[in-house]
1. Name the pairs whose Cβ atoms lie under 7 Å apart, with the first residue in segment 1-28 and closer than 29 Å to Arg47 by Cα and at pLDDT 80 or above, the second surrounded by 10 or more Cβ atoms within 10 Å (Cβ to Cβ) and not β-branched (Val, Ile, Thr), and 6 or more positions between them or separate chains?
2. What's the number of the only condition in (1) in a loop (DSSP other than H, G, I, E, B); (2) of a type outside the set (S, T, N, Q); (3) modelled with pLDDT under 80 that Val54 fails to meet?
3. Could you list, in sequence order, all residues of segment 22-47 that are of a type in the set (D, E, K, R) and out of contact with any helix residue (DSSP H, G or I) (no Cβ under 7 Å at 6 or more places or on another chain)?
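The values are calculated or read from the model by the stated rules, or taken from the named source; none is laboratory data. Keep in mind that this is a model prediction, so the values were computed, not measured. All Cβ positions, even for glycine, are placed from backbone atoms using ideal geometry, and neighbour counts span all protein chains on display.
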Amino acid sequence: MNSTNKKLVADAFGQTVQDGQAIARTIQEAADDLAFLMQQLHGEPFRSDINHEVGYLLICLKNKGASS
C-alpha cells in the first residue's frame, strides 16, 4: 500500500472512530434524558447504564440495590 492509500485509510478509520464516538455520546445523552424523565415521573432519581459490547441498556432507580 502506498503512502497516499495509507493516509486515505487512516483518515477514513479516524473519521469512523470519531463518528462512532459521536454516536455513543448521543446514545448516552438520550439514556440520561430518559433517566431524567423517569425521575420527573416517579419523583426518585434514576440512572442509566450502557454496555455497547453486549448491547445492554438499563434505566433504573439510582439507589436500586444499594445497601442501607
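1. Matching pairs, first to second residue: Ala24/His52.
2. Here Val54 clears every test but (3).
3. Result: Arg25, Glu29, Asp32, Asp33, Glu44.
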